[in-house]
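Novice: Sharing a structure, written as structure tokens. Questions coming.
The values are calculated or read from the model by the stated rules, or taken from the named source; none is laboratory data. Please read all numbers here as calculations on a predicted model, not as lab measurements. Because the Cβ atoms are built from the backbone with ideal geometry, glycine has one as well, and the counts that use them run over all protein chains shown.
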Amino acid sequence: MTDAKSESKKKCRQYSVDYLKFGFIPSLPDKQSLMCLLCNKVLSNDAIKPSKLHDHLRRCHPDKTEKDLKYFQTLKDKFQKRPTLDRMFASTSQRNDDGLRGSYNISLLLSERS
């Protein structure tokens, strides 16, 4: 019974924008986990403590410890703008729709001439 009680008292940390200064953003599949922008490693909610995030940065990316928030913001922006399967299929679908619309308009023009 004590295990169930301690499980219910487990702290579920929410993402803070302050975590970006350590190079972490919310994980895409699970917003309660964090992902390192430098190595794409996902940390569980239990590991979401500023001291652990700083430790990850220091141990795994020592050359980036002196980088400022602007550096990590730029990395985040690039990460969010990268091509994904969803975006690639959406743009392909849009191009196909435009092509079909063009073919339809041409066939209408040709049928009007006859």
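Novice: So which residues in the range 43-63 are at pLDDT below 95 and basic (Lys, Arg), if there are any at all?
Specialist: Result: 49, 52.
Novice: Are any residues in the range 22-34 farther than 11 Å from residue 76 by Cα and of a type outside the set (Gly, Ala, Ser), and if so, which ones?
Specialist: 22, 28, 29, 30, 31, 32, 34
Novice: What number of residues within the range 44-65 are in contact with a His (Cβ under 9 Å, 6 or more places away or on another chain) and part of a loop (DSSP other than H, G, I, E, B)?
Specialist: Matching residues across the range 44-65 total 1.
Novice: While we're looking at this one, here's another question. I'd like the residue in the range 21-39 that is over 12 Å from residue 56 (Cβ atoms) and not charged (D, E, K, R) and, out of all such residues, is modelled with the highest pLDDT.
Specialist: Result: 25.
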